[in-house]
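Here is the structure we will look at, set down as structure tokens.
The values are calculated or read from the model by the stated rules, or taken from the named source; none is laboratory data. No experiment lies behind these values; they were computed from the predicted model shown. Here the Cβ positions follow ideal geometry from the backbone for every residue, glycine too, while neighbour counts run over all protein chains shown.
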Amino acid sequence: MLLKRTVSLSQKFSFVVLALLAVPLAINALRYFNFDSKYGFLLIKQIAIESGWYLPAYYAHVLVAGVILLIGIFQLYPETRLRWPSLHRLLGKVYVFGVLIFSAPGGLVMSFFINRGPLVLSSFLLQCSLWFVFTYLAFVAIRKGSVEQHRNWMWRSMALTLAAITLRTYVFIASWSFDLSQPAAYAAIAWLSWVPNVLLCEGYIRYQRKGITGVKRM
């Protein structure tokens, strides 16, 4: 009972921390609804914008990602599905289709305009591809009625969604000690922003699976 209560408290604490980190990031993303092609970060991407591909991809990725980041974290709250099942399903659909139709494809296109070397390019291409695949498999699983598989694939999808937070956190910390204009330095952060997330997620899923198996055996 004490262990269960401790896990529950740690989950709620993690939810609060993620929410505090996600809200400012989401607000900043939603500011791009002004559709000013020279606003903020876009000011340094004018050459990419001239291609005709970057700006639509940027808006598809950033604007929708700001919304699904908050939705995803809300869905992680331990009691969401139990207290508000209808809202959970509705927000789940917004999250899934937001990733599949807008954010993942948009991020994939944006990857080709980063211009920080092949290691960075391969990191973002793989991340966006896995984000799409994990989210799609979560959708397929729930359509088949496999709640456990759906939950596991959604955890994996959210691990990649949260890379939006970890990437910026690592950039902020590393910028004090490293020259991030160097391809190798930024490549390290690009990979670290999502690979550890996925590994931690897999560890959590395996831990949960062992717990369920142990209960069944009892």
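Side notes on the structure shown:
- Set GLY66, GLY52, GLY72, GLY40: member being at pLDDT 90 or above, at positive phi and within 23 Å of the chain's Cα centre (by Cα): GLY40
- When the residues of the range 155-170 are filtered to those that are farther than 10 Å from CYS201 by Cβ and in contact (Cβ under 8 Å) with a residue 40 or more places away in the chain, the one that is surrounded by the fewest Cβ atoms within 10 Å (Cβ to Cβ) is THR169.
- Failed criterion for VAL23 (all others in (1) out of contact with any Phe, Trp or Tyr (no Cβ under 7 Å at 6 or more places or on another chain); (2) crowded, with 16+ Cβ neighbours inside 10 Å; (3) touching a residue at least 40 places away in the same chain (Cβ under 8 Å) hold): (2)
- Test: residue in the range 40-59 that is within 19 Å of THR166 (Cβ to Cβ) and in contact (Cβ under 8 Å) with a residue 12 or more places away in the chain: no
- The set of residues in the range 86-99 being surrounded by fewer than 17 Cβ atoms within 10 Å (Cβ to Cβ), in contact with a helix residue (DSSP H, G or I) (Cβ under 8 Å, 6 or more places away or on another chain) and of a type in the set (A, V, I, L, M, F, W, C) consists of LEU87, VAL94.
- Within the range 90-128, the set of residues being of a type outside the set (D, E, K, R) and not in a helix (DSSP H, G or I) comprises PHE112, PHE113, ILE114, ASN115, GLY117.
- Among residues of the range 60-105, those that are aromatic (Phe, Trp, Tyr), over 19 Å from SER14 (Cα atoms) and touching a Phe, Trp or Tyr at 6+ places or on another chain (Cβ under 7 Å), counted: 0
- Residue list for the range 38-65, restricted to those being part of a loop (DSSP other than H, G, I, E, B) and in contact with a Lys or Arg (Cβ under 9 Å, 6 or more places away or on another chain): TYR39
- Of residues in the range 117-162 being among the aliphatic types (A, V, I, L, M) and in contact with an Asp or Glu (Cβ under 9 Å, 6 or more places away or on another chain), the one farthest from VAL64 (Cα to Cα): ALA141
- Qualifying residues in the range 106-131 (those that are surrounded by fewer than 17 Cβ atoms within 10 Å (Cβ to Cβ) and not aliphatic (A, V, I, L, M)) - the one nearest to the chain's Cα centre (by Cα): SER129
Quick grid of which residues meet (1) among the basic types (Lys, Arg); (2) farther than 20 Å from ALA22 by Cβ; (3) buried (at least 20 other Cβ atoms within 10 Å of the Cβ):
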| residue | (1), (2), (3) |
| --- | --- |
| ILE44 | no, yes, no |
| ILE49 | no, yes, no |
| TYR59 | no, no, no |
| GLU79 | no, no, no |
| ILE101 | no, yes, no |
| VAL133 | no, yes, no |
| ALA138 | no, no, yes |
